[in-house]
Amino acid sequence: PVAPKLIEYLDQEPDTLTLSALAALGYIAKPYPWVAEQTIPEVISLLDAEDPKLRANASGLLADLAADYADKLRSVVPRAIDLLGDEDSVVQANASSILARVAEIEPETVAPATASLIQTLAADSESTRVNACWALGYLDAEDARDALVRIKDEDESESVRASAVAALTMLD
């Protein structure tokens with residue numbers, strides 16, 4: 001019931017309320033994605049916000065919606081690819097999550113991100129590396145095999161190594 005009120009805050013000049021509304025909508029949209037579907041165009045526009053927290057929350061909400069609305073997020077794929085290089089690690093992680101979730105459903109839409117995702121395997125953020133592994137697996141990115149084997153053998157994170165194994169299994 002609170003979702004419509006939160007959505008109203010997205011129509012205002014971006015500020016702290018917008019930031020909080022995006023975060024709250026993200027929590028609600030995980031189990032009930034349909035409540036935030038109408039926000040997709042507005043949230044996409046916030047990916048260009050100067051405030052990294054706004055970009056992070058906007059990309060996070062879009063990542064939460066991507067599995068259910070991949071068709072509506074096709075247009076955001078090029079921007080998500082750009083955001084893999086964002087200065088904010090949360091933005092990077094959320095952008096990689098968008099790409100992974102869309103790639104699972106529409107790999108052809110995300111295929112142009114393959115080279116960027118391979119580079120992202122070296123990101124500082126564990127979440128970003130995990131998402132990149134999954135995306136590369138969904139893309140059946142044979143070009144990523146050597147990098148994924150290296151990640152499987154050498155990454156310090158058990159979850160990243162496991163994601164690399166899963167991606168390699170998808171390639172096989």
Probe 1.4 Å, all chains present, heavy atoms only: LYS152 accessible area in Å², nearest 10, is 80
Under the helix-only model (-39500 (n - 2.57) for each DSSP H run of 4 or more, divided by the residues of the chain), the mean residue ellipticity at 222 nm, to 500 deg cm²/dmol, is -20000 deg cm²/dmol
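Quantify, in whole percent, the carbon and sulfur part of the accessible surface of the range 1-119 (1.4 Å probe; protein heavy atoms only).
Of the solvent-accessible surface of the range 1-119, carbon and sulfur hold 53 percent.
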Between the alpha carbon centres of the range 36-103 and the range 9-32 the gap in Å comes to 13
Note: ASP48 to SER157 extended length (0.36 nm per residue) minus current alpha-carbon separation gives 36.1 nm
Taking 0.36 nm per residue of separation between VAL2 and ARG79 and subtracting their Cα-Cα distance, the length gained on full extension comes to 24.8 nm
Summing +1 per Lys or Arg and -1 per Asp or Glu among the other residues with Cβ less than 15 Å from LEU148's Cβ gives -3
The answer for the chain, accessible area per residue at 1.4 Å probe in Å², is 49
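The values are calculated or read from the model by the stated rules, or taken from the named source; none is laboratory data. The model shown is predicted, which means the values in this text are computed figures rather than measured ones. Don't worry about glycine lacking a Cβ; one is built from the backbone with ideal geometry, like all the others, and counts go over all protein chains shown. Areas reflect the complete protein model, heavy atoms only, side chains present, ligands, DNA and RNA absent. Shrake-Rupley method; radii C 1.70, N 1.55, O 1.52, S 1.80 Å.
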